[in-house]
Amino acid sequence: MDEASIAWREEQPRLTMLAYNMLGVWAEAQDVVSAVGEQVLGAQNVRNWPAYLTTLTTRRAIDALRSARLTRTEYVGTWLPEPVDERLLPEQAAVRASMLRLGVLFLLEQLSPAARAAYVLHHALGFTSVQVAEVLDTTPAAVRQLLSRAAKKLRDAQAPTRDPEDELPLLAHIVAAIQRADAAGLAALLAPDVVLHSDGGGVVRAARNPVYGAQKVARFLVGVERKNPGRRVLLGRANGAPALLFTAPGRLDVLAVDGAGGTAAAIWLVSNPEKLARLLVET
């Protein structure tokens, strides 16, 4: 095996995580990294393979994201990132775990491809402005401007530093209220200005627009439960954080929350079966 193949194989887990952070779809990330592997076959005289492969992966991910954006604008309803079971994520891939959370990936969709790349390289991999500039073939000053604009645009979307395990009690209370059809009790577990994003992709029924406010979100979730009697619920994990997995014959719904102050500030509900193939559900 030549030097290029060895380097690519060693870096593949980290590169895939990087590409997934850029694209929000695991299969697209794998395609990007595979293309990089083909591109470097036979390459020689590379002084720093990790840096070289990171640059190639980032630039390919930017191109892939630009193409994907054209498709996502025609998506039925809200487009949410694809949840991935953490047991499928490579260990010690040097990507900050909180940057992989569904809510963070969703909010990164607000950024331009170049700004997203700068943000991911800086916040997920810890790159300096100088290092990001080398990857993006620009100046450190331009990178700092990209990061500043991204921070202002995201503002409250910084990757959370709290332990996601702290959300376990909240999720347990939420599912209990849903199963009791207790809309009032459920609303008490939600922030007054909570927002729910639901993604059915036009394949299964889902709210095509965000649902705002504790009362409306509570009624929506209780209504979904009533329309799907007999569902089982499991406490699982998606993207390194606890999540609720609602299972029924031929259907899976994944609910993740961003908790703050003991209440859910944001909820992401993914029901599109095309996005749930990479979740391992224990029965």
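The values are calculated or read from the model by the stated rules, or taken from the named source; none is laboratory data. Being a predicted model, the structure only gives us computed values, none of them experimental. Counting neighbours? That spans all protein chains shown, and the Cβs are built from the backbone with ideal geometry, glycine included. The protein model used for the area step is the full one, side chains on, heavy atoms only, and it has no ligands, DNA or RNA in it. Shrake-Rupley method; radii C 1.70, N 1.55, O 1.52, S 1.80 Å.
All conditions but one from (1) open to solvent by 70 Å² or more (accessible area, probe 1.4 Å); (2) in a loop (DSSP other than H, G, I, E, B); (3) among the polar types (S, T, N, Q) apply to residue 71; the one that does not is (2). Counting only residues that are touching a residue at least 24 places away in the same chain (Cβ under 8 Å) and more than 17 Å from residue 51 (Cα to Cα), which one in the range 1-21 is most open to solvent (accessible area, probe 1.4 Å)? So the residue we want is 2. Note on the range 191-218: among residues that are more than 17 Å from residue 102 (Cβ to Cβ) and among the hydrophobic types (A, V, I, L, M, F, W, C), the one that is most open to solvent (accessible area, probe 1.4 Å) is 203.
Of the numbered criteria (1) outside any helix (DSSP H, G or I); (2) open to solvent by 60 Å² or more (accessible area, probe 1.4 Å), the one residue 59 fails is (1). Taken together, 144, 149, 96 contain a single residue that is within 24 Å of residue 269 (Cα to Cα) and either open to solvent by 30 Å² or more (accessible area, probe 1.4 Å) or at pLDDT 95 or above (or both), which is 96. Residue pairs whose Cβ atoms lie under 8 Å apart, sitting 6 or more positions apart in sequence or on different chains, and linking a residue in the range 170-185 that is assigned to a helix (DSSP H, G or I) and open to solvent by 30 Å² or more (accessible area, probe 1.4 Å) to a partner that is modelled with pLDDT under 95 and not aromatic (Phe, Trp, Tyr), are 172/235; 179/225; 179/233. Among the residues of the range 117-130, those identified as over 13 Å from the mean Cα position of the chain (by Cα) and crowded, with 18+ Cβ neighbours inside 10 Å are 117, 118, 119, 121, 122, 123, 125, 127, 129.
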